[in-house]
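Working notes, structure below.
None of the figures in this text is laboratory data; all of them are computed from the coordinates on show. Source: prediction; values computed, not measured. Quick reminder, even Gly has a Cβ in these numbers, built from the backbone with ideal geometry, and neighbours come from all protein chains shown.
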Ligand SMILES: NC(=O)c1ccc[n+]([C@@H]2O[C@H](COP(=O)([O-])OP(=O)(O)OC[C@H]3O[C@@H](n4cnc5c(N)ncnc54)[C@H](OP(=O)(O)O)[C@@H]3O)[C@@H](O)[C@H]2O)c1
């Protein structure tokens, strides 16, 4: 697997996501994901599973330096001290003294963006966080975050799948050397059923899910997250580095994008999207 280099961060192109994964599922499936080869793990304070992630990583015997671990600060961590304390709490649960990447989970918060970016920078200087980034940011907010931050912003983690055109966000990221981390690549179950993706997959001996994951990681500076609590799908989702999609196939997949393709849009958290 290749890594994506973004403003000093080297991020494995495929990560294991843990959203909607209760701790008992993390304890069961994450050890298997590590056996399959996943080394990039994505969690968040709001997933309420950081302790299980920490337990599995700690027990795995894999060197800490060989894991790329991301967590995200939830929007209700308001005020400098509360924000910093929440990250200390995450580190304690994760059984580590640093995360590789710390993200602001959503742009909306009662704590001003400048103060949240300031706190991210402080944590980075303190060595508790190797890299900092954002999630669910529009292009305008990406530019604002970059402008407010001393340290580089290394990624914007956003919804991205074949039904959602994210060219503007990817273009904005490219301006400042940022990467894009794609979530929801299965588009709530639509991707594995998609006839176009299935047909492309059949040409390569791959499934529609593998085609979508491959399509993401084959784009410059795009990292893909994949979540499954189903053991049999782990190897499927990991085996995307032994084939390549042709230019025509990439374009065919991009053409699946629809104006109403966005799925994740919580009104109280979301920005005005591009
Ligand atoms: N920053 C944010 O706001 C944000 C938002 C959403 C997600 N994320 C991150 O991105 C990760 C990925 O997003 P996601 O959790 O929505 O997952 P996803 O990768 O789009 O997968 C979602 C669903 O697809 C199913 N699936 C997975 N692989 C499959 C396959 N090969 N064939 C058929 N179905 C398959 C899984 O079901 P089973 O588990 O039952 O197998 C899962 O419920 C999250 O876990 C999280 O880490 C971040």
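When 33, 85, 52, 114 are screened for being farther than 20 Å from residue 179 by Cα and without any contact (Cβ under 8 Å) to a residue 24 or more places away in the chain, only 85 passes. Against the list (1) in contact with a helix residue (DSSP H, G or I) (Cβ under 8 Å, 6 or more places away or on another chain); (2) farther than 30 Å from residue 126 by Cβ; (3) within 11 Å of the ligand (Cβ to nearest atom), the condition residue 190 fails is (1). Against the definition (without any contact (Cβ under 8 Å) to a residue 60 or more places away in the chain and surrounded by fewer than 17 Cβ atoms within 10 Å (Cβ to Cβ)), how does residue 126 come out, yes or no? Criteria met by residue 126. Of all residues in the range 146-166, those being part of a loop (DSSP other than H, G, I, E, B) and within 15 Å of the ligand (Cβ to nearest atom) number 6. Pairs are defined by a Cβ separation below 6 Å, a sequence spacing of at least 6 or placement on different chains, a first member in the range 199-210 that is more than 13 Å from residue 241 (Cα to Cα), and a second member that is near the ligand (Cβ under 10 Å from one of its atoms) and not in a helix (DSSP H, G or I); the pairs so defined are 201/207.
Which of the residues belonging to the range 130-145 are more than 15 Å from the ligand (Cβ to nearest atom), in a strand (DSSP E or B) and surrounded by fewer than 24 Cβ atoms within 10 Å (Cβ to Cβ)?
Once the filter is applied, which keeps residues that are more than 15 Å from the ligand (Cβ to nearest atom), in a strand (DSSP E or B) and surrounded by fewer than 24 Cβ atoms within 10 Å (Cβ to Cβ), the range 130-145 yields only 130.
Residue-wise test of (1) in contact (Cβ under 8 Å) with a residue 60 or more places away in the chain; (2) touching a helix residue (DSSP H, G or I) at 6+ places or on another chain (Cβ under 8 Å); (3) more than 12 Å from the ligand (Cβ to nearest atom).
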| position | (1), (2), (3) |
| --- | --- |
| 181 | yes, no, no |
| 197 | no, yes, no |
| 218 | no, yes, yes |
| 234 | yes, yes, no |
| 273 | yes, no, yes |
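Would it be correct to say that residue 101 is within 26 Å of residue 56 (Cβ to Cβ) and buried (at least 17 other Cβ atoms within 10 Å of the Cβ)?
Values: within 26 Å of residue 56 (Cβ to Cβ): yes; buried (at least 17 other Cβ atoms within 10 Å of the Cβ): yes.
Yes, satisfied.
When the range 146-166 is filtered for residues that are within 14 Å of residue 120 (Cβ to Cβ), surrounded by fewer than 24 Cβ atoms within 10 Å (Cβ to Cβ) and touching a strand residue (DSSP E or B) at 6+ places or on another chain (Cβ under 9 Å), the ones remaining, listed by number, are 146, 149, 151, 152.
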